[in-house]
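Here the structure comes first, spelled out in structure tokens, and everything after it is commentary.
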Amino acid sequence: MVNYLFGFILLISFLKFIFNYNHLLVSLLCLEFVSIIFFMSVCMLLFVGSMEPIYMLYFLVMLVSEGVLGLCLLILLSFCYGDDNLSSYNMLLC
């Protein structure tokens, strides 16, 4: 039952990321949500398989650093361009 719920939430997050990529903040939140769902499913697999939980800590550190990097990118782009709307950026000028 929980696996179906995780799968459904993961599918909704991917669809939101693919079809609604107008704002950078929404895209970052969808990617972070996908990462959290993946982390939760890996936690369940590790606890069921009675493996070492230290791997979850490594993945959690990578998840946090990915989120911080995305927020730094969002702040940098909002300082340079004034908004987070992805359609207003001209990628050829970068």
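There is no residue in the range 48-71 that is in contact with a Ser or Thr (Cβ under 8 Å, 6 or more places away or on another chain) and in contact (Cβ under 8 Å) with a residue 40 or more places away in the chain. Out of (1) over 12 Å from the mean Cα position of the chain (by Cα); (2) under 22 Å from L77 (Cα atoms); (3) of a type outside the set (G, A, S); (4) surrounded by 13 or more Cβ atoms within 10 Å (Cβ to Cβ), what's the single condition that is false for V42? Against the list (1) over 12 Å from the mean Cα position of the chain (by Cα); (2) under 22 Å from L77 (Cα atoms); (3) of a type outside the set (G, A, S); (4) surrounded by 13 or more Cβ atoms within 10 Å (Cβ to Cβ), V42 comes up short only on (2). For the range 30-64, the candidate set comprises residues that are in contact with a Phe, Trp or Tyr (Cβ under 8 Å, 6 or more places away or on another chain) and of a type in the set (V, I, T); within that set, the residue that is nearest to K16 (Cα to Cα) is V34. Looking at L69, L60, L5, L45, just one residue is farther than 30 Å from D83 by Cβ, aliphatic (A, V, I, L, M) and at pLDDT 85 or above, and that residue is L60. Taking the criterion of being more than 16 Å from F6 (Cβ to Cβ) and small (G, A, S), the residues of the range 38-82 that qualify are G49, S50, S65, G67, G70, S78, G82. For the range 48-88, the set of residues classified as among the acidic types (D, E) and part of a helix (DSSP H, G or I) consists of E66 only. Could you say whether any residue in the range 48-55 is surrounded by 14 or more Cβ atoms within 10 Å (Cβ to Cβ), in contact with a helix residue (DSSP H, G or I) (Cβ under 9 Å, 6 or more places away or on another chain) and at pLDDT below 85? No, the conditions are met nowhere in the range 48-55.
The values are calculated or read from the model by the stated rules, or taken from the named source; none is laboratory data. Keep in mind that this is a model prediction, so the values were computed, not measured. Ideal geometry is used to build each Cβ from the backbone, glycine not excepted, and the neighbour counts take in all protein chains shown.
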